[in-house]
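This report concerns only the one structure given below.
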Amino acid sequence: MKKRILVVSIIFLTIFISIIAMSYNTNTPKRFTQDGVIYALTLDGASVNTFPSKGMYRVDVECSNANGKWLYDEWKLAVEDINGTNATCDVSFNTISTTHLNNYITGLSGTEQGTGQVVNENGYRYEGKDPNNYIWFNNELWRIIGVFDEATHGVSGQNLVKIIKVDSIGGLAWHKSYTNDWTASSLMNLLNGAYLNSQNGTGGEYCYGYSTTTPGNCDYTETGINDTYRPMIENVTWHLGGHSSTSATAEAFYGYERGTTVYSGRPTTTTGYIGLMYPSDYGYSVLSSSCARTTNLDSYNKATCAGQSWLYGQGYEWTITPGSSYSDPVFRLNYDGNLNFFKASGGYSVRPVLYLDSSVYVIDGNGSVSDPYIIGM
């Protein structure tokens, strides 16, 4: 009888010690309540009582009876749609190694990305109707055009990621004075002034919807590049070579853009932080298996061409590239998908384009519209 009692006692003691050990296990999340929500936080699998300082972490959020999202820019958790008194959120912080965005994208070459892929054609580019090239930049969605070496942007020895804003900032004159010199244009000054510095350019000398007769809406105090993201932008070379015709392929335009054919002594390059897309960017954005690369850009008005390009869809839209035969035409994307000319004073859609510093790294995301790449520097 004594042996049985001793055995039972030992078993009970073992179970009791195990329970105590489990209660002190640092891997068991400790819950706390804040603003009506019950939280449990872990850092690399270990329970913590406070949110860690901003750092190299991927943050995963799972909520019940509420919707939670980690805001990397502000480094805080946003909890919405709280349902009842039993809302809980488990937040996991996991240390990540530095993976630079430019290297990550070049590593995707030849792989399918959404309804497109990454191809190596005068740069590592995204092609197709809707590839996974969304990126969270400036607290909004942008898209990645591709990764390019110094032959495109002029920064020695660097591969830089080029991105374009998803939505237009409005219809604006390329140059209020009708001339196709980007270095003196009202749009170049507006983008690299009020827009870059989050200022109100409305009423200024560069804000025009059409020529000098239609003032534009250029208040960028809330929508311009903010202080967090401005240091990520590289000051680069923009090529200003032109061409006399819209009947050329993407590859031909790539050469013309970097050439010296311009109207009456116009500059062939300039430097700046913000620009626009090139015609070749649009040309290479179509799915090559649907629209042959031998197709001229003024013949892209087909479902197989414009309909298979993620850059298409903003109506009439400016590029940075001038015509070379006359003083005022600039290449633009037509609403039907063709490339054509129009005088620089016209007011058409503008989507800012910029290059990211090579030190920018990936934190999270898969590039889809619902899970865009989150970046840091």
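Quick note: the coordinates plus some simple rules give every number you see, no bench work behind them. Nothing here was measured: the structure is a model prediction, and the numbers come from that model. Here Cβ is always computed from backbone atoms with ideal geometry, including for glycine, and neighbour counts include all displayed protein chains.
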Inset, instruction - Grab the alpha carbons of the range 223-311, take their convex hull, and tell me the volume per residue in Å³. - result: 127
Inset, instruction - Treating only the Cβ atoms of Lys and Arg (+1) and Asp and Glu (-1) as charged, compute the dipole magnitude of the chain about its Cα centre; round to the nearest 20 debye. - result: 940
Inset, instruction - Could you list Glu205, Glu127 in order of exposure, starting from the residue whose Cβ has the fewest other Cβ atoms within 10 Å? - result: Glu205, Glu127
Inset, instruction - Using a 10 angstrom cutoff on alpha carbons, build the Gaussian network for the chain and name the most mobile of Trp318, Trp70, Trp182. - result: Trp70
Legend entry - Radius of gyration and Dmax over the Cα atoms of the range 78-221, both given in Å: 20.5, 64
Legend entry - Burial ordering of Leu141, Leu354, fewest other beta-carbon atoms within 10 Å first: Leu141, Leu354
Inset, instruction - Could you check what % of the DSSP bridge pairs in the range 101-356 are antiparallel, to the nearest 5? - result: 95
Inset, instruction - Give the calculated FRET efficiency between Glu150 and Thr98 to the nearest 0.05, with a Förster radius of 25 Å applied to their Cβ-Cβ distance. - result: 0.65
Legend entry - Full-extension gain in nm, Asn49 to Asp336, via 0.36 nm per residue minus C-alpha separation: 97.7 nm
Inset, instruction - Among Ser97, Ile82, Val61, flag the residue with its Cα farthest along the positive direction of the charge dipole of the range 58-102, charges on Cβ as +1 for Lys/Arg and -1 for Asp/Glu. - result: Ser97
Inset, instruction - Arrange the peptides 225-232, 325-332 so that the one whose residues have, on average, the most other Cβ atoms within 10 Å appears first. - result: 325-332, 225-232
Inset, instruction - Mind listing the long-range amide H neighbours of Tyr210? Cut-off is under 5 Å, sequence gap 5 or more, other chains count too, H placed in the peptide plane at 1.01 Å from N. - result: Ala173
Legend entry - Given charges at Cβ of Lys, Arg, Asp, Glu: the chain dipole, positive-most of Asn296, Tyr312, Gln113: Gln113
Inset, instruction - For Rg and Dmax of the Cα atoms in Å, several values are listed as (i) 26.7, 111; (ii) 23.2, 114; (iii) 19.2, 62; flag the one computed from this structure. - result: (i)
Legend entry - Mean residue ellipticity (222 nm) of the chain, computed from DSSP H runs ≥ 4 via -39,500 (n - 2.57), nearest 500: -3500 deg cm²/dmol
Legend entry - Environment charge of Gly36, counting only residues whose C-beta is closer than 13 Å and scoring Lys/Arg +1, Asp/Glu -1: -3
Legend entry - Among Ala250, Ala303, Ala344, residue whose mean-square fluctuation peaks in a GNM of the chain (springs only between Cα atoms under 10 Å): Ala303
